[in-house]
1. Which one of V138, V183, V41 has the biggest mean-square fluctuation once the chain is modelled by GNM with Cα springs under 10 Å?
2. Could you check which residue among P102, P177, P11 shows the biggest mean-square fluctuation in a GNM of the chain with a 10 Å Cα cutoff?
3. Using only DSSP helix segments of four residues or longer, with each worth -39500 (n - 2.57), what per-residue ellipticity at 222 nm results for the chain after dividing by its residue count and rounding to 500?
4. Going by amide H atoms built from the backbone, whose H comes under 5 Å of the H on I198, apart from near neighbours?
5. So, with a 1.4 angstrom probe, what is the percent of accessible area on segment 17-58 that is carbon and sulfur?
6. Keeping every protein chain present and rolling a 1.4 Å probe, give me the accessible area per residue for the chain in Å².
7. Using the Karplus curve 6.51 cos²θ - 1.76 cosθ + 1.60 with θ = phi - 60°, what ³J(HN,Hα) values do you get for each residue of segment 195-205, in whole Hz, with x for Gly and Pro?
8. Counting only residues 5 or more places away or on other chains, whose amide H sits under 5 Å from the amide H of T39 once H atoms are built in the peptide plane?
Amino acid sequence: MEKICFYNTKPYDKKYFEKYKDDFSVEIEYFRGKLREKTAVLAKDYDAAVAFVNDDINEETINILYENGIRILALRCAGFNNVDLEAAYGKIHIVRVPAYSPYAVAEHAIGMLLSLVRKIPRAYNRTRDYNFTLNSLVGFDLHGKTVGVIGTGKIGRIFIDICKGFGMNVCAYDPYPAKDLDVEYVSIEELCKRSDVISLHCPLTDSTRYIINKRTISLMKNNVYIINTSRGALIDSEALLEGLKSEKIGGACLDVYEDETDFFYEDKSDKVIHDDVLTSLIGMNNVLVTSHQAFLTNEALENITLTTLQNLRDYFDGKELTNEVCVKCANGEACEKENHGRCF
């Protein structure tokens, strides 16, 4: 029975992995700390490591894991921009969960939008004090508005379907348009000019980093609403804050933040937050921030658990790693996976 060291453990992780670990014949040791340079040495004498989206898996972390015998690192998430894939190539196989519940993320995005445009958090706090006035609670209909969707993968498609259900007009931008999707594809510039709401559903790459920036914000309609449930660095946070302060941007729904690593998933309620941009955003009544929880449903957690454990079982049994990613895959180069269905 193989032994796995599990980093960055939260109670909801342990609940599901404990439920299914025996089905995959593995033992799991749970660590509360994140995987980073200082904690990588804890992987010594284990057969595999499991990490999360906000762990710091840089070159030194990779090398320490490798020196301590780790040859497989399972990410219990879809994103891998926190992994130095070049450093890992030829040393450690990186597997991930490419899809766990696109419905969870898409539904959270629309839930945040509805909450913000209808002033629900403000109304909730007000009635808790028995204040039942409707002053300053005027919202607007989503019906008839235009939503621009950046990224039309699984999550983006579901979000588009939900928006159409509200009677919204939809345009989209994706460098690789889907031929089977009934949506109008436009340039990023055209999308910014047309949209009343812009929602991000794309991965973080060199080409998408800061896709929302000072220039693209300047092209947008006045009072535009921006939703980000993908990766924080898709938005230049300082440009976003400037747009909110100038009232160019009417509101922002943020489930992610570009410098979230030291904050999200942790209780910082008794700490001073030394990030002026984040505290400014949280303090605005037209900004709704959640701590990277869009994925957090029972269905998603179960899928994450089963896929992660299957990825590890396939590695241990010498099978094809269908969910492996390497520096070649990520860069769009040819990765034939000729070595028994593995990247190397």
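The values are calculated or read from the model by the stated rules, or taken from the named source; none is laboratory data. Just so you know, these numbers come straight off a predicted model, no measurement behind them. Cβ: placed from backbone, ideal geometry, glycine included. Neighbour counts: every protein chain shown. What goes into the accessible areas is simple: the full protein's heavy atoms, side chains included, and nothing from ligands, DNA or RNA. Shrake-Rupley method; radii C 1.70, N 1.55, O 1.52, S 1.80 Å.
1. Checking each option, the largest mean-square fluctuation is seen for V138.
2. Top of the fluctuation ranking is P11.
3. After summing the helix terms and dividing by the residues of the chain, the value is -9500 deg cm²/dmol.
4. G148, Y225, I226, I227
5. 43 percent
6. Spelled out: the 1.4 Å probe surface of the chain, per residue, equals 49 Å².
7. Ordered by residue, 3J(HN,Hα) equals 7, 8, 9, 10, 10, 9, 9, 10, x, 8, 9 Hz.
8. Here nothing satisfies the definition.
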